[in-house]
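Down below is the structure, laid out as structure tokens.
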2 protein chains.
Amino acid sequence: MSAPLPTDLEIANAATLRPLSDVAADLGVGPEHLEPYGRDVAKIDLAVLAEPALPHQAKYVVVTAVTPTPLGEGKTTTSVGLAQALQRLDKRAVVALRQPSMGPTFGIKGGAAGGGFSQVVPMERLNLHLTGDFHAVTSAHNLLAAMMDNHLHHGNALGIDVRNITWRRVLDVNDRALRNIVIGLGARQDGLARETGFDITAASEVMVLLTLATSLRDLRARLGRIVIGYTTEGKGVTAEDLHAAGAMTAMLQDAIKPNLLQTLEGGPAIIHCGPFGNIATGTSSVTADLIAMRGSDYAITEAGFGADMGAERFFDVKCRVSGLKPDVAVIVATVRALKTHSGRYAVKAGKPLPAGLLEERPKDVEAGLPNLRKHIEIVRRFGVQPVVAINAFPDDHESEHAVIRRYCNSLGVRSAVTRHVAEGGAGALELAQVVVEAAHEPTSFEFLYPLDLPLEQKIEAVATQIYGADGIDVSPAAARALKDYERLGYGGLPVVIAKTHLSISSDPSLRGAPRGWRMPVREVRAAVGAGYVYAICGDMRTMPGLPTSPNAERIDITDDGRVTGLS
Amino acid sequence: MSAPLPTDLEIANAATLRPLSDVAADLGVGPEHLEPYGRDVAKIDLAVLAEPALPHQAKYVVVTAVTPTPLGEGKTTTSVGLAQALQRLDKRAVVALRQPSMGPTFGIKGGAAGGGFSQVVPMERLNLHLTGDFHAVTSAHNLLAAMMDNHLHHGNALGIDVRNITWRRVLDVNDRALRNIVIGLGARQDGLARETGFDITAASEVMVLLTLATSLRDLRARLGRIVIGYTTEGKGVTAEDLHAAGAMTAMLQDAIKPNLLQTLEGGPAIIHCGPFGNIATGTSSVTADLIAMRGSDYAITEAGFGADMGAERFFDVKCRVSGLKPDVAVIVATVRALKTHSGRYAVKAGKPLPAGLLEERPKDVEAGLPNLRKHIEIVRRFGVQPVVAINAFPDDHESEHAVIRRYCNSLGVRSAVTRHVAEGGAGALELAQVVVEAAHEPTSFEFLYPLDLPLEQKIEAVATQIYGADGIDVSPAAARALKDYERLGYGGLPVVIAKTHLSISSDPSLRGAPRGWRMPVREVRAAVGAGYVYAICGDMRTMPGLPTSPNAERIDITDDGRVTGLS
């Protein structure tokens, strides 16, 4: 066992930060495109994208993972550590990450700025409001809701079917009591009574739409296309119909600009947006990646959950919008995740780990390897080079790492053990080296499906070719809705499968690489503004709750104004 | 009739802004205390207050008004115009204003950055998110609500009486449908069902608490004292009891820092907080005023609605916290407001003005003068020098202004006609001159009541000595609550009367200076964190609605990224 690390907040507070203008200069962003937002944080003006790019061919690296335990396997820390290590190899590297949601920060999960010696700083700013982009999303989303309910109140000239409204409200807080509510009670002037609810801001269509917008103009157009519900004749009612899209764009004009922070080792870190990884894409923004690619040799971007979830959407949805072609996919694997894929352990968030998980049991790691193989196959299916990053924990055993490395060798996949949490970039040098090697291999990136395939076939392609299902079972209601979507002109959109992230299958209890199962498609929904149709294949929670003793209870501020208890 | 003015947005966009560091230097704020937040906006670190002040004796000027029409009489424009004019007289002048709420910006009222050539810029930033302080208030307020409902869900160890919860939720949007809602529906894990609602963020106790906090430490203490409801035994349950106050403070650590912008003529404008003027104090923050007083010859601050409302609270609540003694109260009067106080016209927001209001009718102005006299008496009651600012509109007639000026002369009160909207600071030079004269008169500022008076007598003192009521009629429920508050230790707090702003009385239909009426006290509530008890004396709307065609419908963004339609 190593000596215990200081807390993330202690490490972050002890860091000496570089002047942000120097960090921006490393990224090819001049002061004329940098808008400071408080100390050590700035927004990058999208006008920088119109400037001639540096003469270079950047490599595009996406960080994904094996099927994670509920604790997560360290994709964010690996992304940061890899960027730090590449800089130590004299590469210009930049990491593009999602902004953490305040709900989980005050709930169970805590902050999400990386960890240990692979963090993005200032971590306090990152974990709280940052530059207010989430708040702008909340405001724009809820303005549309208010205008919609106001439209109903003032006579419903558009003929919206009150029983077929899909637009809810959002707040960036874990608040279970807002999941299902009745609004519009009281007197006549207090609106129309109806059932609805709040989701967390990360689940807002506005959030994912912001990640996919390539310009302010594109943002305006996407906002206008948002469908809030349907008329009694089954016609989609849009934000444009409600004359809300212009005001929403005005509210988001700063939020579309990515935020620049830095890693603990002073490299550029672009933080932008944070859409849910289950019902949405779970990626940071297209604009962030475009800026990262313009100004670096290695642009490292993160995708949510395992390769079945985040990476598939990254390839099929985000890369389709951005036009960028990924070179390498780093698959983060941990000993504990692979051990759970043996089916012999149960890991729960907020509970102590099962004791045996920390013992030297290479056989259990081996039993979990089919999960890793499946994620490697997914990455290869898209014509991208896989690299396996074994994120080492203090309690890991050499023999367990060796099992994973041997297996990767047998599949012809590069791998490296990385100790970036304990050691920073110095701990990820081997990973950085194999990523550089992999990035110079030939690639042949391709999407899983063409957009002109019918929606149902696209869903089936993901289920069978990515998840390994034998087929899909579409409920009658979902089948009707898919037919309606084709009729309404949404048929050419890509698809997102809203399923559990705890299994490659749609059943969260199945470990490893499940076979011999079919995927039930219970319901489908259209995120027309964001630009995809999503299929609900499991219980999707879009508003988390707080635990008995939330993190918030342990957060405080000292008399001299330092935050304590953030993790 | 003069030529029509360009729109506020056109004027604001045409302005050339000074570098904000120069503006800050004028205010004695060095770059080490200035945190830029996007272009042309910065936060001022409270550490500046610990620096030795400049050797000077600043004059403290509060801008109030006669009883306004629903359209408002131009306190903000007058405050800005006065500051601009004082600078033309070579005085160091700074204006401290409230931040506009986004709800009304997208609703009926439009923005609130001043108007014409007396505006604060950048007006777009000011009218939208500014630096996110309102969002921080929303987040902190709703975190407390979520932790409270989560406490109920997990067993209610504190024994909170579910039927006696006073803490609601807030959003910065006009959304009538959220006024009365039922939450916690759905399954067992979706919380406890109960009735509640949302107020607009400006009505949050956290907002007014933030205006009154003198330091981060004081903010922490006030947040801890917030009472969210009562136990079945009638004991107050606080944010401290729920262990929420530390996390709330962490969320507000930047929001407590006032924001620096500039007037159209390049003088410093401090914008901070925006509590409701009806149930709350309606003033900008104590910290803003302390910074303004430290670095200027004339600190001009605004109080909400008429002198009966905003100025009384400014004197009795805000000045008690800040320890600052006001020298001058500028009472903004308009021809149209005084005409309506004749009782011969009805002005409604969103409707055209009654035709006769624009005709030359000095007799009607004269008939409204008792209202002006009453506001002058209120200011004098506090030992402060009154100055009447006649805010001239293009349709005013000389004879109507003359009526007001003669009347002021007869009362020994200085007055001036001001044309700052059309002409900027040049139009307010006469006003600036009489303010300078008045500021050098002897004053003897005193509070209306001592804090150790029983709560009911404090309410009565405001009703009889300020509003001119014959007495108060306290409902049995309110009387019980007042007794409870004395028992619970809230008896030493000052009071705020939540009543209509459209009359000096509590009856919105009474014009002029009503006599022979009694004030009914229907209900009382305790804002223990903010530090006052408020009496509900009329229908108080704490969540506005949108009109049939909200302003939001006319706001858009051009292809080159300029906002249009903000007013």
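The values are calculated or read from the model by the stated rules, or taken from the named source; none is laboratory data. On a predicted model such as this, the values are computed, not experimentally measured, just so you know. Positions of Cβ are generated from backbone atoms using ideal geometry, with glycine treated the same way; all protein chains shown enter the neighbour counts. Note: accessible area is taken over every heavy atom of the protein model, side chains too, but ligands, DNA and RNA are not part of it. Shrake-Rupley method; radii C 1.70, N 1.55, O 1.52, S 1.80 Å.
Things to note:
- Matching residues in segment A:35-56 - criterion: being open to solvent by less than 20 Å² (accessible area, probe 1.4 Å) and within 11 Å of chain B (Cβ to nearest Cβ): A:Glu35, A:Tyr37, A:Gly38, A:Val41, A:Ala42, A:Lys43
- Every condition in (1) surrounded by fewer than 19 Cβ atoms within 10 Å (Cβ to Cβ); (2) assigned to a strand (DSSP E or B) holds for A:Ser399 except the one numbered (2).
- Within segment A:126-139, if we keep just the residues that are in contact with a helix residue (DSSP H, G or I) (Cβ under 8 Å, 6 or more places away or on another chain) and not small (Gly, Ala, Ser), the residue that is nearest to the other protein chains (Cβ to nearest Cβ) turns out to be A:His135.
For every residue, the table says whether it meets (1) surrounded by fewer than 19 Cβ atoms within 10 Å (Cβ to Cβ); (2) more than 8 Å from chain A (Cβ to nearest Cβ); (3) at pLDDT 95 or above.
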residue: B:His141; (1), (2), (3): no, yes, yes
residue: B:Ala145; (1), (2), (3): no, no, yes
residue: B:Asp149; (1), (2), (3): no, no, yes
residue: B:Asn156; (1), (2), (3): yes, yes, yes
residue: B:Ile160; (1), (2), (3): no, yes, yes
residue: B:Arg168; (1), (2), (3): no, yes, yes
residue: B:Val173; (1), (2), (3): no, no, yes
residue: B:Val182; (1), (2), (3): yes, no, yes
residue: B:Gly186; (1), (2), (3): yes, no, yes
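- Among residues of segment B:337-367 being buried (at least 24 other Cβ atoms within 10 Å of the Cβ) and part of a helix (DSSP H, G or I), the one that is farthest from the chain's Cα centre (by Cα) is B:Val365.
- Given (1) in a loop (DSSP other than H, G, I, E, B); (2) without any contact (Cβ under 8 Å) to a residue 60 or more places away in the chain; (3) open to solvent by 60 Å² or more (accessible area, probe 1.4 Å); (4) farther than 21 Å from A:Asp297 by Cα, index of the condition A:Leu71 fails: (2)
- Residues that are at pLDDT below 90, in contact with a Leu (Cβ under 7 Å, 6 or more places away or on another chain), aliphatic (A, V, I, L, M) and open to solvent by less than 10 Å² (accessible area, probe 1.4 Å) do occur in segment B:107-121, at least one of them.
- Subset of segment A:303-336 (residues that are open to solvent by less than 10 Å² (accessible area, probe 1.4 Å) and of a type in the set (Ser, Thr, Tyr)): A:Thr334
- Filtered residue count, segment B:81-106, keeping only those that are buried (at least 24 other Cβ atoms within 10 Å of the Cβ) and of a type in the set (D, E, K, R): 1
- Residue pairs meeting the criteria (Cβ under 6 Å; at least 6 apart or on separate chains; first within 11 Å of chain A (Cβ to nearest Cβ), in segment B:230-251; second assigned to a strand (DSSP E or B)): B:Gly246/A:Asp556; B:Thr249/A:Ile557; B:Ala250/A:Ile557; B:Ala250/A:Val563
- Search result, residues across segment B:500-525 that are open to solvent by less than 30 Å² (accessible area, probe 1.4 Å) and over 18 Å from B:Ala461 (Cα atoms): B:Gly512
- One residue from B:Thr131, B:Thr78 being open to solvent by less than 20 Å² (accessible area, probe 1.4 Å) and of a type outside the set (Gly, Ala, Ser): B:Thr78
- Checking each residue in segment B:435-451 for being outside any loop (DSSP other than H, G, I, E, B) and open to solvent by 20 Å² or more (accessible area, probe 1.4 Å) picks out B:Val436, B:Glu437.
- The single condition from (1) more than 9 Å from chain B (Cβ to nearest Cβ); (2) buried (at least 20 other Cβ atoms within 10 Å of the Cβ); (3) more than 25 Å from the chain's Cα centre (by Cα) that A:Gly191 fails is (1).
- The residue list B:Thr211, B:Thr232 contains one member that is farther than 30 Å from B:Ser118 by Cα, in the same structural domain as B:Arg179 (by TED's automatic domain parsing) and not hydrophobic (A, V, I, L, M, F, W, C), which is B:Thr232.
- Screening A:Met293 against (1) among the aliphatic types (A, V, I, L, M); (2) within 18 Å of the chain's Cα centre (by Cα); (3) open to solvent by 10 Å² or more (accessible area, probe 1.4 Å) leaves a single unmet condition, (2).
- Test: B:Ala461 is aliphatic (A, V, I, L, M), assigned to a helix (DSSP H, G or I) and over 20 Å from B:Thr69 (Cβ atoms): yes
- One residue alone among B:Gly468, B:Gly492 is in contact (Cβ under 8 Å) with a residue 60 or more places away in the chain, part of a loop (DSSP other than H, G, I, E, B) and not assigned by TED's automatic domain parsing to the domain that holds B:Gly304, and that residue is B:Gly468.
- With respect to the conditions (1) of a type in the set (D, E, K, R); (2) within 14 Å of another protein chain (Cβ to nearest Cβ); (3) out of contact with any strand residue (DSSP E or B) (no Cβ under 6 Å at 6 or more places or on another chain), A:Asp556 falls short on a single one, namely (3).
- Condition check for A:Lys59: in contact with a Lys or Arg (Cβ under 6 Å, 6 or more places away or on another chain) and surrounded by 20 or more Cβ atoms within 10 Å (Cβ to Cβ): no
- Considering each residue of segment B:220-228 in turn, none proves to be more than 9 Å from every other protein chain (Cβ to nearest Cβ), more than 19 Å from B:Ala239 (Cα to Cα), touching a Ser or Thr at 6+ places or on another chain (Cβ under 9 Å) and among the hydrophobic types (A, V, I, L, M, F, W, C).
- Subset of segment A:7-24 [within 27 Å of the chain's Cα centre (by Cα), open to solvent by 60 Å² or more (accessible area, probe 1.4 Å) and not polar (S, T, N, Q)]: A:Glu10
- Checking each residue in segment B:198-215 for being buried (at least 19 other Cβ atoms within 10 Å of the Cβ) and touching a helix residue (DSSP H, G or I) at 6+ places or on another chain (Cβ under 7 Å) picks out B:Phe198, B:Ile200, B:Thr201, B:Ser204, B:Val206, B:Met207, B:Leu209, B:Leu210, B:Thr211, B:Leu212, B:Ala213.
- When residues of segment B:221-230 are limited to those that are over 15 Å from B:Val137 (Cβ atoms) and not small (Gly, Ala, Ser), the one surrounded by the most Cβ atoms within 10 Å (Cβ to Cβ): B:Ile228
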